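Accompanying notes for the structure given below.
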Amino acid sequence: MRPASLLLFSWVCFGALFLQTSCEDRRLPAEKLLVVTVATNETDGFKRFLRSAKHFNYTVKVLGRGQTWRGGDYMSAPGGGQKVNLLKAALQEMKDDDLIILFIDSYDVVFASSPKELLRKFQQAKHKVVFSSESLIWPDRHLEDKHPYVREGNRFLGSGGFMGFLPNVRDMVANWTGKDDDSDQLFFTKIYIDPVKRKSLNITLDSRCRLFQNLHGALDEVVLKFEDGRVRARNVVYDTLPVILHGNGPTKLQINYLGNYIPNTWTFETGCVVCHENLLSLAALKESEYPLVMIAIFVQEPTPFVTVFFERLLKLQYPKDRLTLFVYNQQPHHERQVSSFLQDHGSLYRGVKSIGPEEEMDGAAARDLALDVCRKDKDCEYFFNLDIEVVLKNENVLKILIEQNLPVVAPMITRTGRLWSNFWGALSAEGYYARSEDYVDIVQGRRVGVWNVPYVSSVYLVKANLLRSELKDYEMFSSESLDPDMTFCLKIRDKGIFMYVSNMHTFGRILSTENYQTDHLHNDLWQIFENPLDWQARYIHENYSRIMNDKLIETPCPDVYWFPIFSDVACNHLVEEMENFGKWSGGANVDQRIQGGYENVPTIDIHMNQVNFEKEWQKFLVEFIAPITERMYPGYYTKAHFDLAFVVRYKPDEQPSLRPHHDASTFTINIALNEAVLEYQGGGCRFLRYNCSVQAPRKGWAIMHPGRLTHYHEGLPTTAGVRYIAVSFVDP
């Protein structure tokens, strides 16, 4: 290489290095950035804004605190002039001309990155004032043609966010003379579309959303980006990572969704970062100092396991003298259960108000009244809505929700085997259910946290001070077009109040009421298909799950197995159901209920199909008997088919015993339905070939034995009382 070339190369390299160093030296210092916003009311959105600003160490100056908002309603008409009036006055008091002003909305804004990144991108814009941009023009569409064209990105100005050097911003608003309800958007738009003013103030738009991301008109462009323990919003059209996210216009729910993750609120690496912040601890309080909670219970349709609901209510870990009850029952079918609970346990609570079906009050009116009872009670600190179909398995649910210290918070509950839950992650354009991107992960527990959502129902906690302030409207649930829960949530959203759902704990589930029939004495017995977990909890013996591991299966005779299967409640309900039906057979050989019409060894009984219980009985055999059969009779796999399943009644003066016989089955199940000694004397089963008897059978325990060939057996005499057994001839 020639010396001259070397010298030129050296100067080029040195110049490039000098330029880079010089640029770095001129980098705008973060301490010169001042965030200015207007907030006349400290809404939940404003608190979120401040939290995100604090996360990145922004310096924020808030204007208008404590003032009445007179700037109009952005959702229905232009407005916002009050913001400019406040800004103009504040700028006149600022003397440091090196300041860089970021003027931004706050109720629907979240910071996604640091002042350093924001200033770098502002500097790269190479203008003194940079406005956010939009793809939609507002409020005067006639000005569209006057907007300068841009090479790439959005053409139209968004007044919800801009930044610039103090002198330029001060000059920009100097000529503002508008009223509080005049349009700030129109004012700034007219400045921007005026070529002379645009040039003199050195204004440009952030057309590619490098600094600002307005969501209105851009929802399809913005996705969450999870990377290296951070969460950002990415504009996929321009491949940019905006520093500021703004849920302008009708995109409040979308900014709420993004705010569940940004800034680093929830990541795959850390989980929920803010879920343990700002908690209200009850640990230091005496029980007498606990907040007073009104539990409002609503019974609006026939529902299974109502008795169990009230049993669980009694087990809530919260002092009952700090609870008042509001019980609304619209269903005569449940009047006995509700009245029984209130009569037996109502005195345990601080107060009780009950509304029965005779008052003919509709559900929405009852919910409005319940809120108002809490609203007017100066001691009521929380309103806890609890619909009758809710199964609360977590006894600490009230404490957990109160300690979360949120305006409205619901414990997440789901329907067994389905993606149905008591919250919606998003809304359709019409205001109905829509599935958010993270809904399935939240419901299935792959993402755990406390989530800002647009809709909750069935069970939720509301701070009572809201009922006396923002939610003073009496008819919070009443609407001519929407159901009560949707109306309630809409009115909460319209007030800017955030609703949350927590899946930080396992709280419970919600019952299916779709096919609940009320034509039996104990209708819950028929719920094995619709609500299998609740059916099992109610009717299967508490030790059933321990049968295999704890070796609870006994062998009183060869190839005869004895194990717990039914709870006491199941035994009682089955007996009472049969007695209520009342059509016991006469115990004769001629029996038109069976194929062929003749029974060799008749009993006094009622068949399961007589009470329409045969499908439920087979489901019970498949789910709870078949696993034990396959373990105890290796190599045999039952399909749990049966020709006969019935409840037998033995009485000394009716049919005390049963002669020796073989059963028409591969194996037989014989379940004792009442208590020996206490309810009857004698009874039992004797296997003749082995000269072995099972006497004094245990209530709820099943005897399982082969039916044909080997186990010739007889029913031993019942000498006093009444004995009941449930029998199945399986795989005939």
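Using only DSSP helix segments of four residues or longer, with each worth -39500 (n - 2.57), what per-residue ellipticity at 222 nm results for the chain after dividing by its residue count and rounding to 500? Don't skip to the end; give the middle numbers.
Working: 19 runs with 189 residues, N = 732.
Counting only the DSSP helices, I get -7500 deg cm²/dmol.
With the crude spin-label approximation of a point 7 Å out along Cα→Cβ, what separation in nm comes out for residue 482 versus residue 268?
3.5 nm
For residue 317 and residue 592, FRET efficiency with R0 = 41 Å and r from the beta-carbon atoms, rounded to 0.05?
Working: r = 56 Å, r/R0 = 1.36.
Efficiency, rounded to the nearest 0.05: 0.15.
Between residue 446 and residue 623, what's the calculated FRET efficiency when r is the beta-carbon distance and R0 is 25 Å? Round to 0.05.
On the way: r = 28 Å, r/R0 = 1.11.
It comes to 0.35.
List the residues whose amide H sits under 5 Å from the amide H of residue 681, counting only those 5 or more places along or on another chain, with H placed 1.01 Å from N in the peptide plane.
719, 720, 721
Counting heavy atoms of the protein chains only and a 1.4 Å probe, report the per residue accessible area for the chain as a whole number of Å². The partial results should precede the final answer.
Values: 33600 Å² over 732 residues.
Accessible surface, normalised per residue, equals 46 Å².
In nm, what is the difference between 0.36 nm times the number of residues separating residue 472 and residue 710 and their Cα-Cα distance? Mind dumping the intermediate values first?
Working: separation 238, 0.36 × 238 = 85.68 nm, distance 7.66 nm.
Using 0.36 nm per residue and subtracting the Cα-Cα distance, I get 78.0 nm.
Give the carbon-plus-sulfur fraction of the accessible surface of the range 96-205 in %, rounded to a whole number; probe 1.4 Å, heavy atoms of protein chains only.
Working: 2420 of 5000 Å².
Using a 1.4 Å probe with all protein chains present, the range 96-205 comes out at 49 percent carbon and sulfur.
To the nearest 20 debye, what is the magnitude of the charge dipole of the chain about its Cα centre, counting +1 on the Cβ of each Lys and Arg and -1 on the Cβ of each Asp and Glu? Show your work: numbers first, answer last.
Details: 80 positive and 91 negative charges, 678 e Å.
About 3260 debye.
Would you be so kind as to identify which of 303, 683, 482 lies farthest towards the positive end of the dipole of the chain, taking Lys and Arg as +1 and Asp and Glu as -1 on Cβ and the Cα centre as origin?
Of the listed residues, the answer is 482.
So what J values fall out for the range 150-165 if you push phi through Karplus, 6.51 cos²θ - 1.76 cosθ + 1.60 with θ = phi - 60°, rounded to Hz, Gly and Pro as x?
10, 5, 8, x, 7, 8, 9, 7, x, 7, x, x, 7, 9, x, 5
In nm, give the distance between the simple-model label positions of residue 662 and residue 226, each being 7 Å from the Cα along the Cα-to-Cβ direction.
6.3 nm
Ratio of alpha-carbon Rg to the 2.2 N^0.38 Å globular estimate for the range 490-592, to two decimals, please. Could you put the intermediate results ahead of the total?
Numbers: Rg = 22.0 Å, N = 103, 2.2 N^0.38 = 12.8 Å.
Working it through for the range 490-592, the quotient is 1.72.
Quote the FRET efficiency, to the nearest 0.05, computed for residue 513 versus residue 437 with a Förster distance R0 of 30 Å and r equal to the Cβ-Cβ distance. Provide the component values of the computation, followed by the final result.
Values: r = 30 Å, r/R0 = 0.99.
The calculated FRET efficiency here is 0.50.
Pull out the extension gain between residue 32 and residue 631, defined as 0.36 nm times the separation in residues minus the alpha carbon to alpha carbon distance; nm, one decimal.
Numbers: separation 599, 0.36 × 599 = 215.64 nm, distance 7.59 nm.
Taking residue 32 through residue 631 to full extension adds about 208.0 nm, to one decimal.
Using alpha carbon centroids, what distance separates the range 95-120 and the range 370-436, in Å?
With the range 95-120 and the range 370-436 each reduced to a Cα centre, they are spaced 36 Å.
Given a 1.4 Å probe and the protein chains all in place, what does the accessible area of residue 55 round to, in Å² to the nearest 10?
Number for this one is 90 Å².
Which is farthest toward the positive dipole end of the range 502-649 among 520, 561, 541, measuring Cα position about the Cα centre, with Cβ charges +1 (Lys, Arg) and -1 (Asp, Glu)?
So the residue furthest toward the plus end is 561.
Treating the angle as unsigned and between 0 and 90°, give the value, to the nearest 10°, between the Cα long axis of helix 3-25 and the longest Cα principal axis of the chain.
Long axis of 3-25 versus the principal axis of the chain: about 70 degrees.
³J(HN,Hα) across the range 292-301 via Karplus (A = 6.51, B = -1.76, C = 1.60, θ = phi - 60°), whole Hz, x for Gly/Pro?
Working through the residues one at a time gives 7, 10, 9, 8, 9, 9, 10, 10, 10, 8 Hz.
Between 318, 224, 719, whose Cα lies farthest towards the positive end of the dipole of the chain when Lys and Arg beta carbons carry +1 and Asp and Glu beta carbons carry -1, centred on the Cα centre?
Farthest along the dipole direction, towards plus: 224.
Hey, got the dipole for the range 200-349? About the Cα centre, +1 on K and R Cβ, -1 on D and E Cβ, debye to the nearest 20?
Working: 13 positive and 15 negative charges, 31 e Å.
Once rounded to the nearest 20, the dipole reads 140 debye.
Over the chain, what is the percentage of antiparallel beta bridges among all DSSP beta bridges, to the nearest 5? Kindly include the intermediate steps, with their values, before the conclusion.
On the way: 86 of 124 bridges.
Around 70 percent of the beta bridges assigned by DSSP in the chain are antiparallel ones.
How much length would be gained if the chain were fully extended between residue 520 and residue 155, taking 0.36 nm per residue of separation minus their Cα-Cα distance, in nm to one decimal?
Details: separation 365, 0.36 × 365 = 131.40 nm, distance 6.87 nm.
Between residue 520 and residue 155, full extension yields an extra 124.5 nm.
What are the ³J(HN,Hα) couplings of the range 686-692, residue after residue, when phi is run through the Karplus curve with 6.51, -1.76, 1.60 and θ = phi - 60°? Round to Hz, x for glycine and proline.
The phi angles translate into 10, 9, 5, 4, 9, 6, 9 Hz.
Alpha carbon centre of the range 37-53 versus the range 437-502: separation in Å?
The distance from the Cα centre of the range 37-53 to that of the range 437-502 comes to 20 Å.
Quick one: pull the percent of accessible area on the range 256-371 belonging to carbon and sulfur, 1.4 Å probe, ligands and nucleic acids left out. Working shown, then result.
Numbers: 2490 of 5130 Å².
After summing per-atom areas, the C and S share lands at 48 percent.
Can you give the charge dipole size of the range 632-732 about its Cα centre, rounded to the nearest 20 debye, using +1 on the beta carbon of Lys and Arg and -1 on the beta carbon of Asp and Glu? Intermediate values should be presented prior to the final figure.
On the way: 10 positive and 8 negative charges, 34 e Å.
Dipole about the Cα centre, nearest 20: 160 debye.
Can you put 441, 344 in order of accessible area, largest first, using a 1.4 Å probe? Working shown, then result.
Numbers: 441 35, 344 95 Å².
Listed by decreasing accessible area, they come as 344, 441.
Measure off, as a whole percent, the carbon and sulfur share of the 1.4 Å-probe accessible area of the range 603-695, all protein chains present.
Details: 1940 of 4210 Å².
Exposed carbon and sulfur together represent 46 percent of the surface.
Which chymotrypsin sites (Phe, Trp or Tyr not before Pro) in the range 209-271 sit in a loop by DSSP (not H, G, I, E or B) and have at most 12 other Cβ atoms within 10 Å of their own Cβ?
Details: sites: 212, 226, 238, 257, 261, 266, 268; in loops: 238, 261, 268.
Those that pass, being in a loop and sparsely packed, are 268.
Taking every pair of Cα atoms in the chain, average 1/r, invert it to obtain the Kirkwood radius, and report Rg/Rh to two decimals.
Working: Rg = 36.0 Å, Rh = 31.2 Å.
That ratio is 1.16, to two decimals.
Which whole-angstrom value gives the distance between the alpha carbon centres of the range 504-539 and the range 285-318?
18 Å
Using label points projected 7 Å from each Cα along Cα→Cβ, tell me how many nm separate residue 140 and residue 555, to one decimal.
9.5 nm
In the structure shown, do any of 286/491; 551/639; 61/121; 190/472 have a Cα-Cα gap over 29 Å, and if so which?
In this structure, 286/491; 190/472 exceed 29 Å between Cα atoms.
The values are calculated or read from the model by the stated rules, or taken from the named source; none is laboratory data. Note that this is a predicted model, so its numbers are computed, not measured. Using ideal geometry, Cβ is built from the backbone for each residue, glycine included, and neighbour counts are taken over all protein chains shown. All accessible areas refer to the heavy atoms of the entire protein, side chains included, with ligands and DNA or RNA removed. Shrake-Rupley method; radii C 1.70, N 1.55, O 1.52, S 1.80 Å.
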